[in-house]
Amino acid sequence: MEISNTNEERLSVSDAASELGTTRLRLLMLLREGAVEGEQIDGEWYLSRASLDAIRAMGGPAPVSPSCKTSCTATTCGCK
């Protein structure tokens, strides 16, 4: 989903994850699901400030599913 207002502040997924207290991967999953608005520029994903505010207003990003935490063997996704 593309950010419609080109004048709107954009944050990299990494910066947005730090602000929200979640993982980069979780935000990328939300982008893929269409749950947040963002766009890819030169291979990097960015979220609009409005998307971050909307995520905060809804109580933050949904946690990673419990099944991921128990069966996940990845070391970089942050679910453990």
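The values are calculated or read from the model by the stated rules, or taken from the named source; none is laboratory data. Note that the structure is a prediction, hence the values are computed from the model and not measured. Cβ: placed from backbone, ideal geometry, glycine included. Neighbour counts: every protein chain shown.
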| Those residues of the stretch 10-36 which are assigned to a loop (DSSP other than H, G, I, E, B) and either hydroxyl-bearing (Ser, Thr, Tyr) or surrounded by fewer than 16 Cβ atoms within 10 Å (Cβ to Cβ) (or both), in sequence order | Gly21, Thr22, Thr23, Gly34
| remark: When Trp45 is run through (1) of a type outside the set (Gly, Ala, Ser); (2) touching a Gly at 6+ places or on another chain (Cβ under 9 Å); (3) at pLDDT 90 or above; (4) surrounded by fewer than 12 Cβ atoms within 10 Å (Cβ to Cβ), the failure sits at (4)
| From the list Glu2, Glu39, which residue is at pLDDT 85 or above, out of contact with any helix residue (DSSP H, G or I) (no Cβ under 8 Å at 6 or more places or on another chain) and either outside any helix (DSSP H, G or I) or β-branched (Val, Ile, Thr) (or both)? | Glu39
